[in-house]
Amino acid sequence: GQQLNQSPQSMFIQEGEDVSMNCTSSSIFNTWLWYKQDPGEGPVLLIALYKAGELTSNGRLTAQFGITRKDSFLNISASIPSDVGIYFCAGQNFGNEKLTFGTGTRLTIIP
Amino acid sequence: SQTIHQWPATLVQPVGSPLSLECTVEGTSNPNLYWYRQAAGRGLQLLFYSVGIGQISSEVPQNLSASRPQDRQFILSSKKLLLSDSGFYLCAWSVRAVDTQYFGPGTRLTVL
């Protein structure tokens, strides 16, 4: 099935660094969601975006709904060890029961 | 508050054996329910979703099936497992007509 393109595929950073990742689609979405998955666990919702241009924060996390409605961005400031995991974006349109998921960005923190 | 349960948490099964994974949701009514599979280091693949009791939509043709015998119960089954069925199986729910999906803890299936 269709998947959104996430980049980068993986990131290796040092603790305290800022992180940026993005998600792009060939088609528009009405809603963008960002999830984080810890190893061996189910994804957990981080941020939900419902309006083009919207900028939403959740603690050190900030996500933006792209103006074109074909992309979204997630930033993490001052990374800490518990930020390690896989980050997934997901898009959805009204009336569609299904989410379209991104390919994921794996974040690793180098000691 | 709503909670979602999956069991078993881990399962090791021989090739050709049957499978039954269960997912239940508490604290909500008439949820949409979803089964996903995740191969090691990969993304999420939607297998089935259900908008109501007895209503199942299949996304990927395979030897798996799903059933929804009760409003908040979703079951994933197979009559004969294949090696390629190994993976991490995730159940999710959402409020009808609302986009956000909430995931369960997952079941790690290893087929030997």
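Derivation of every value follows stated rules applied to the coordinates shown; laboratory data play no part. Everything quoted here is computed from the prediction, not taken from an experiment. Here Cβ is always computed from backbone atoms with ideal geometry, including for glycine, and neighbour counts include all displayed protein chains.
Projected label points at B:ASP71 and B:GLU59, each 7 Å from Cα along the beta carbon direction, are separated by 2.5 nanometres. Across chain A, Cα pairs under 8 Å and at least six residues apart give a relative contact order of 37 percent. Put a plus charge on the Cβ of each Lys and Arg, a minus charge on the Cβ of each Asp and Glu, and nothing anywhere else: the dipole of chain A about its Cα centre is then about 360 debye.
In terms of overall dimensions, the C-alpha atoms belonging to region A:7-52 reach 34, 22, 18 Å along their principal axes, ordered largest to smallest. How big, in percent, is the set of alpha carbon pairs in region B:14-112 lying more than 23 Å apart? I get 21 percent for the Cα pairs in region B:14-112 exceeding 23 Å. Taking a Cβ cut-off of under 10 Å around A:SER27, the surrounding Lys, Arg, Asp and Glu residues balance to a net charge of +2, with basic ones at +1 and acidic ones at -1. Along region A:70-82 the Karplus relation, 6.51 cos²θ - 1.76 cosθ + 1.60 evaluated at θ = phi - 60°, assigns HN-Hα couplings of 10, 8, 8, 10, 10, 10, 10, 9, 6, 4, 10, x, 6 Hz to successive residues, with x for each Gly and Pro. Its Cα centre serving as origin, the protein assembly as shown has a Cβ charge dipole (Lys and Arg +1, Asp and Glu -1) of approximately 500 debye.
What does a probe at A:THR108 reach in region A:63-100, counting residues whose amide N is under 20 Å from the point 7 Å along Cα→Cβ? Under cut-off, by backbone N: A:76, A:79-88. By the Kirkwood approach, averaging reciprocal distances over each pair of separate Cα atoms, chain A gets a hydrodynamic radius of 13.9 Å.
Partners of B:LYS79 within straight-line reach, counting lysines whose Cα lies under 28 Å from its Cα and excluding those fewer than 8 residues away in the same chain: A:LYS98. Taking other residues whose beta carbon is less than 14 angstrom from the beta carbon of B:SER29, and scoring Lys, Arg as +1 and Asp, Glu as -1, yields +1. Paramagnetic label reach from A:SER10 (point 7 Å along Cα→Cβ; backbone nitrogen cut-off under 12 Å): within region A:72-111, residues A:105-109.
Over all Cα atoms in the protein assembly as shown, the spread is summed up by Rg and Dmax: 17.6, 51 Å.
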